[in-house]
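What follows is one structure encoded as structure tokens, with my remarks underneath.
The values are calculated or read from the model by the stated rules, or taken from the named source; none is laboratory data. Only a predicted model underlies this, so the values are computations on that prediction, with no experimental measurement involved. All Cβ positions, even for glycine, are placed from backbone atoms using ideal geometry, and neighbour counts span all protein chains on display. Only protein heavy atoms, including side chains, enter the accessible area calculation; ligands, DNA and RNA are left aside. Shrake-Rupley method; radii C 1.70, N 1.55, O 1.52, S 1.80 Å.
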2 protein chains.
Amino acid sequence: MRIGELAERVGTSVKTIRYYDRIGVLTPTERSGSGYRLYGEDAPDRYRFVRAAQAVGLRLGEIREVIALRDRGETPCRFVAELIGARAAELDERIAELEVLRGELRALARRAERLDPRSCDPRLVCHVIDTGS
Amino acid sequence: MRIGELAERVGTSVKTIRYYDRIGVLTPTERSGSGYRLYGEDAPDRYRFVRAAQAVGLRLGEIREVIALRDRGETPCRFVAELIGARAAELDERIAELEVLRGELRALARRAERLDPRSCDPRLVCHVIDTGS
DNA sequence: CTTGACTCTCCCCTGCAGAGGAGGGTTTAC
DNA sequence: GTAAACCCTCCTCTGCAGGGGAGAGTCAAG
């Protein structure tokens, strides 16, 4: 099938499919004589794999490596497991950071309610945000 | 003081201060005859305000609006409180999303341990990641 | 044989917060 | 008077995942 049909079948844009070809995560099976990208029947599944991998936080560059491994005949499972582990650890860190930030925002919101705008120091921008100085 | 001294006093780069001028969050008090940016004594505090506001998740575009409000003689406290509230709500959503994702990653990691690489379907890329099809 | 839909490559644009460097003018100290 | 340090504007680049459009070639139906 050609690029337009593939895009429509999986519900994405032609631009995206071309982009995936360019970065090597979804290359066409072959090219027609006039240069059109031609995709086999497995292309929708490949596309869905890319999307599913993105959905669990893998980046397209990593997905490309997984697919390259696979195309060299290796089973990328261990590599995928490593990527997922790394992403999970990053996620833990990120969530912890955001929770700290959320705590600070809550404190700030309470402070903003308590403070009287008229008590604002004209030399500072806004007393709600503490500059530490 | 000139830009280099300000940058050194607050511990940042000259590039950053120039950028803050360009986007309007930290404009110099005046310019010298030769075009040099000249900053008053309150510049370090203004800079620290910008950084503190960034630290609680405000974007420079929003900080600019806060400062513009302030420079028009208004007290931006209510506006700041709104921004902080909005940011807190976004944060709650984001954290919830990440926690869902973390749960999925955990499940995936367990699945990857259980699965035998040799059981991989050769037509698919990797059975660890479920494409839903 | 022509029209319209489809496709190609190539290049620029987005958001965010700057970093890096070119090519030139200014100030300060010796 | 000159060398070092400082400053200016302007331009491009970063990461990530594409979007928008120009200009040209291709394919199928009527």
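Would you pick out the residues in segment A:115-127 that are surrounded by 10 or more Cβ atoms within 10 Å (Cβ to Cβ) and of a type outside the set (A, V, I, L, M)?
A:P117, A:C120, A:C126, A:H127
Please count how many residues of segment B:30-67 are away from chain A (no Cβ under 14 Å) and over 17 Å from the mean Cα position of the chain (by Cα).
10
Limited to segment B:4-24, what total is found for residues that are within 21 Å of B:A68 (Cα to Cα), of a type in the set (A, V, I, L, M) and either in contact with an Asp or Glu (Cβ under 7 Å, 6 or more places away or on another chain) or modelled with pLDDT of 95 or more (or both)? Before the answer, list the steps.
Pass one, segment B:4-24, residues within 21 Å of B:A68 (Cα to Cα): B:16-24.
Filter again for of a type in the set (A, V, I, L, M), leaving B:17, B:23.
Checking which are either in contact with an Asp or Glu (Cβ under 7 Å, 6 or more places away or on another chain) or modelled with pLDDT of 95 or more (or both) leaves us with B:17.
Counting residues in segment B:4-24 that are within 21 Å of B:A68 (Cα to Cα), of a type in the set (A, V, I, L, M) and either in contact with an Asp or Glu (Cβ under 7 Å, 6 or more places away or on another chain) or modelled with pLDDT of 95 or more (or both) gives 1.
List every residue pair whose Cβ atoms lie under 6 Å apart, where the two residues are 6 or more positions apart in sequence or sit on different chains, the first residue falls within segment B:71-84 and is within 18 Å of B:G61 (Cβ to Cβ) and within 9 Å of another protein chain (Cβ to nearest Cβ), and the second residue, located anywhere, is among the charged types (D, E, K, R) and part of a helix (DSSP H, G or I).
Close Cβ pairs satisfying both conditions: B:P76/B:R70.
For residues that are more than 7 Å from chain B (Cβ to nearest Cβ) and closer than 19 Å to B:F49 by Cβ, scanning just segment A:91-114, find the one that is most open to solvent (accessible area, probe 1.4 Å).
Looking at the filtered set, the residue picked out is A:R111.
Which helices (runs of 4 or more DSSP H) sit wholly inside segment A:1-69 and have at least 2 residues that are without any contact (Cβ under 8 Å) to a residue 24 or more places away in the chain and within 15 Å of DNA strand C (Cβ to nearest atom)?
Where helices (runs of 4 or more DSSP H) fall fully within segment A:1-69 and carry at least 2 residues being without any contact (Cβ under 8 Å) to a residue 24 or more places away in the chain and within 15 Å of DNA strand C (Cβ to nearest atom), they are A:3-10, A:14-23.
Take A:V80 and decide whether it is surrounded by 15 or more Cβ atoms within 10 Å (Cβ to Cβ) and not in a loop (DSSP other than H, G, I, E, B).
yes
For segment A:52-72, which residues satisfy the criterion of being near DNA strand D (Cβ under 8 Å from one of its atoms) and surrounded by fewer than 17 Cβ atoms within 10 Å (Cβ to Cβ)?
If the condition is that a residue be near DNA strand D (Cβ under 8 Å from one of its atoms) and surrounded by fewer than 17 Cβ atoms within 10 Å (Cβ to Cβ), then A:Q54, A:R59, A:L60, A:G61 are the ones that fit.
Could you list, in sequence order, all residues of segment A:3-27 that are within 9 Å of DNA strand D (Cβ to nearest atom) and touching a strand residue (DSSP E or B) at 6+ places or on another chain (Cβ under 9 Å)?
Matches in segment A:3-27: A:I17, A:R18.
If you scan segment A:1-29, which residues turn out to be surrounded by fewer than 13 Cβ atoms within 10 Å (Cβ to Cβ), within 22 Å of the chain's Cα centre (by Cα) and either under 12 Å from A:Y39 (Cα atoms) or of a type in the set (S, T, Y) (or both)?
Hit for segment A:1-29 is A:S13, nothing else.
Based on this model, can you work out whether A:D92 counts as free of Cβ contacts under 8 Å to residues at least 60 places away in the same chain, away from DNA strand D (no atom under 16 Å from the Cβ), within 25 Å of B:A96 (Cβ to Cβ) and of a type in the set (D, E, K, R)?
yes
Looking at (1) of a type outside the set (V, I, T); (2) closer than 15 Å to B:V128 by Cα; (3) buried (at least 20 other Cβ atoms within 10 Å of the Cβ); (4) more than 9 Å from DNA strand D (Cβ to nearest atom), which one does A:Y39 not meet, given that it meets all the others?
(2)
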